[in-house]
Amino acid sequence: MEQHGKRLLLVEDDQGLREVLTEELQERGFQVKAYADMPAVAELAEIDWALLDLRVGSENGLELLKDLKTRHPQVKVVMMSGFGSVASAVKAMQLGAHNFIAKPVTVEMILRAFSDQAESMELPEEEISLARMEREYIDYVLQSSEGNITQAAKKLGLHRQSLQRKLRKNIPRK
C-alpha cells in the first residue's frame, strides 16, 4: 500500500489517543493534521485520507463524513468508534466511508482499514442476524428522530402502526 507522503486528517477528541496515533502515523510516512473537534470542511482541501471518530464531544462524525465526501469525494475515509453499532457502521458506509473500525484501535488496524484489500467493514466475529440488524437500524432512526415514531416511520418508509408492531417485539436474538 502506497502511503509515503499521504496527507491524513485525524479527528479524535481523546488527547492521548490523538497524540499516539499522530506520532505513529507520522513515523509511517503520513503528514497528519490532527484535530480535537470538528474542523471546517472548507479548510480541508489538502488531504488524501481521513480517520474520523464517530462521536467527537457532542458532535456526530457522520455529519463531517457527509460534508467531507460531498466536497472531496476522492478522500478515503475510515470511521472509528468505541460506541459503534451495526447501524452506525451501515450508515457510515452509505455515506461513503471506506471502512469502520471499533476502538480500541492500533495503527496496524487503521492501516488495514485503509488498505484496498479491506473493502468491507470489519464486523464482529459472531454471526449477526438480519432481524438484529433491522432492530439496530430502527433504533438508530428512532434516536435520530428524537423518539418521534411518526417521523421515524416516514424515514423508514413504514406505516406508523407497522413500526409500533416491530418495536413491541422482543429484541431479536443473534
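What single numbered condition from (1) closer than 18 Å to residue 115 by Cα; (2) charged (D, E, K, R); (3) at pLDDT 90 or above fails to hold for residue 48?
Only one criterion is unmet by residue 48, namely (3).
Which condition does residue 70 not pass, out of (1) modelled with pLDDT under 90; (2) touching a helix residue (DSSP H, G or I) at 6+ places or on another chain (Cβ under 7 Å); (3) of a type outside the set (A, V, I, L, M), if it passes all the others?
Condition not satisfied by residue 70: (2).
Filtering the stretch 73-88 down to residues that are within 9 Å of the chain's Cα centre (by Cα) and modelled with pLDDT of 85 or more, which residue is farthest from residue 17 (Cα to Cα)? Please lay out each step first, then the result.
Step one: of the stretch 73-88, the residues within 9 Å of the chain's Cα centre (by Cα) are 77-81, 84, 88.
Right, trim to modelled with pLDDT of 85 or more and you get 77-81.
Numbers: 77: 18, 78: 16, 79: 15, 80: 12, 81: 12 Å.
Top of the filtered list is 77.
Which of the residues that make up the stretch 59-93 are among the β-branched types (Val, Ile, Thr) and surrounded by 22 or more Cβ atoms within 10 Å (Cβ to Cβ)?
Looking only at the stretch 59-93, we keep the residues that are among the β-branched types (Val, Ile, Thr), and these are 70, 75, 77-78, 86, 90.
Across the stretch 59-93, the qualifying residues are 77, 78.
Output yes when any residue across the stretch 94-104 is surrounded by 15 or more Cβ atoms within 10 Å (Cβ to Cβ) and modelled with pLDDT under 80, and no when none is. Even if it seems obvious, please write down each step before you answer.
Taking the stretch 94-104 first, the residues surrounded by 15 or more Cβ atoms within 10 Å (Cβ to Cβ) are 95-103.
Applying the additional criterion that residues be modelled with pLDDT under 80 yields none.
No, that holds for no residue.
Can you spot a residue in the stretch 134-145 that is under 19 Å from residue 61 (Cα atoms), within 13 Å of the chain's Cα centre (by Cα) and modelled with pLDDT under 85?
First, pick out the residues of the stretch 134-145 that are under 19 Å from residue 61 (Cα atoms): 136-137, 139-145.
Filter once more, keeping what is within 13 Å of the chain's Cα centre (by Cα): none.
No: the stretch 134-145 contains no residue that is under 19 Å from residue 61 (Cα atoms), within 13 Å of the chain's Cα centre (by Cα) and modelled with pLDDT under 85.
The values are calculated or read from the model by the stated rules, or taken from the named source; none is laboratory data. Everything quoted here is computed from the prediction, not taken from an experiment. Every residue, glycine as well, gets a Cβ built from its backbone with ideal geometry; the counts of neighbours run over all protein chains shown.
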